[in-house]
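Written out below as structure tokens is the structure these notes cover.
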Amino acid sequence: EMCIRDSVPGSGKTSFAMQLGCALGASKSTLTIPVAKDWTRPKDMMGYYNPITNVYESGVTDFFPFYNSLNNISEDESTNSFLILDEFNLSQPEFYMSNLTGLADNSSSRVINLGHDTHITIPSSNRFICTANTDETVQSLSARMISRCAFIHFNSLPDLDQTVMDLTFPEELA
């Protein structure tokens, strides 16, 4: 999975993640979830089974309906899909993503049991993109999480300006 990190909020991490999903053909199969600071359990992101109504409540994130709809697409019709977890280290990712972290291991089952005979399958064409800041307002990432991610580090804005000025273009584009 991919994590886009930067120490400067507002540098375009989320926009980049959404544009990447579109560029890879997933404009209609991308879900962006803003992570809340108080998430401590998988149900904070994935929803929960309500024993009073006997219905699986998806909560505010649409995680369950999104993956449920992907599960209803046949394999020959499936395409790339992305889950973008925006500011995923506002809360400790190992807590609310505990039943998803094993997906980074090739031998792991992609079926996620949500409880009370409710499950979803994370398609093999699905990828997670997580945006993260690295300032004092967020949780640090553990070695367990770091080992499961590929990172794109955005430069801080002054360095980004210099990086753009230093770019060399083929002569036909100059």
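Run ASN89 past the list (1) open to solvent by less than 20 Å² (accessible area, probe 1.4 Å); (2) outside any loop (DSSP other than H, G, I, E, B); (3) not basic (Lys, Arg) and report the number of the one that doesn't hold.
(2)
Within region 32-46, track down each residue that is farther than 12 Å from VAL60 by Cα and surrounded by 14 or more Cβ atoms within 10 Å (Cβ to Cβ).
Just the residues of region 32-46 that are farther than 12 Å from VAL60 by Cα, to begin with: 37-42.
Once the filter is applied, which keeps residues that are farther than 12 Å from VAL60 by Cα and surrounded by 14 or more Cβ atoms within 10 Å (Cβ to Cβ), region 32-46 yields TRP39, PRO42.
Restricting to region 67-78, name every residue that is surrounded by 12 or more Cβ atoms within 10 Å (Cβ to Cβ) and not polar (S, T, N, Q).
Here is the first cut: in region 67-78, the residues surrounded by 12 or more Cβ atoms within 10 Å (Cβ to Cβ) are 67-71, 73, 78.
Hits for region 67-78 are TYR67, LEU70, ILE73.
Report, by residue number, each residue of region 125-137 that is free of Cβ contacts under 8 Å to residues at least 60 places away in the same chain and surrounded by fewer than 19 Cβ atoms within 10 Å (Cβ to Cβ).
SER125, GLU136, THR137
Could you say whether any residue in region 50-57 is open to solvent by 60 Å² or more (accessible area, probe 1.4 Å), free of Cβ contacts under 8 Å to residues at least 60 places away in the same chain and polar (S, T, N, Q)?
Looking for residues that are open to solvent by 60 Å² or more (accessible area, probe 1.4 Å), free of Cβ contacts under 8 Å to residues at least 60 places away in the same chain and polar (S, T, N, Q), one finds at least one in region 50-57, hence yes.
For ASN89, which of the numbered conditions (1) within 14 Å of the chain's Cα centre (by Cα); (2) among the polar types (S, T, N, Q); (3) farther than 15 Å from GLN139 by Cα fails to hold?
(3)
List the pairs whose first member sits in region 98-119 and is in a loop (DSSP other than H, G, I, E, B) and open to solvent by 30 Å² or more (accessible area, probe 1.4 Å), whose second member is modelled with pLDDT of 85 or more and polar (S, T, N, Q), and whose Cβ atoms are under 7 Å apart, counting only residues at least 6 apart or on separate chains?
So the pair list comes out as ARG110/THR121; ARG110/SER124.
Write out, first by first residue and then by second, each pair whose Cβ atoms fall under 6 Å of each other, whose residues are 6+ apart or on separate chains, and whose first residue, in region 62-86, is of a type outside the set (Lys, Arg) while the second is open to solvent by 60 Å² or more (accessible area, probe 1.4 Å).
That search, which allows pairs on different chains as well, returns ASN80/LEU24; PHE82/ARG127; ASP86/PRO34.
Out of the residues in region 15-31 that are open to solvent by 30 Å² or more (accessible area, probe 1.4 Å), within 22 Å of LEU103 (Cβ to Cβ) and within 13 Å of the chain's Cα centre (by Cα), state the one that is modelled with the highest pLDDT.
Once the filter is applied, the top-ranked residue is THR30.
Exactly one of (1) over 29 Å from GLY25 (Cβ atoms); (2) among the β-branched types (Val, Ile, Thr); (3) surrounded by 16 or more Cβ atoms within 10 Å (Cβ to Cβ) is unmet by ILE122. Its number?
(1)
Could you identify the single residue in PRO34, PRO51, PRO93 that is out of contact with any strand residue (DSSP E or B) (no Cβ under 7 Å at 6 or more places or on another chain) and within 23 Å of ARG148 (Cβ to Cβ)?
Result: PRO93 is the single residue among PRO34, PRO51, PRO93 that is out of contact with any strand residue (DSSP E or B) (no Cβ under 7 Å at 6 or more places or on another chain) and within 23 Å of ARG148 (Cβ to Cβ).
Please state which of the following conditions SER81 fails to meet, knowing it meets all the rest: (1) open to solvent by less than 30 Å² (accessible area, probe 1.4 Å); (2) polar (S, T, N, Q); (3) under 22 Å from GLN139 (Cα atoms).
Single failed check for SER81: (3).
The values are calculated or read from the model by the stated rules, or taken from the named source; none is laboratory data. Just so it is clear, the structure is predicted and the values come from calculations on it, not from any experiment. FYI the Cβ positions are ideal-geometry reconstructions off the backbone, even for glycines, and counts take in every protein chain you see. Side chains included, ligands, DNA and RNA excluded: accessible areas come from the protein's heavy atoms. Shrake-Rupley method; radii C 1.70, N 1.55, O 1.52, S 1.80 Å.
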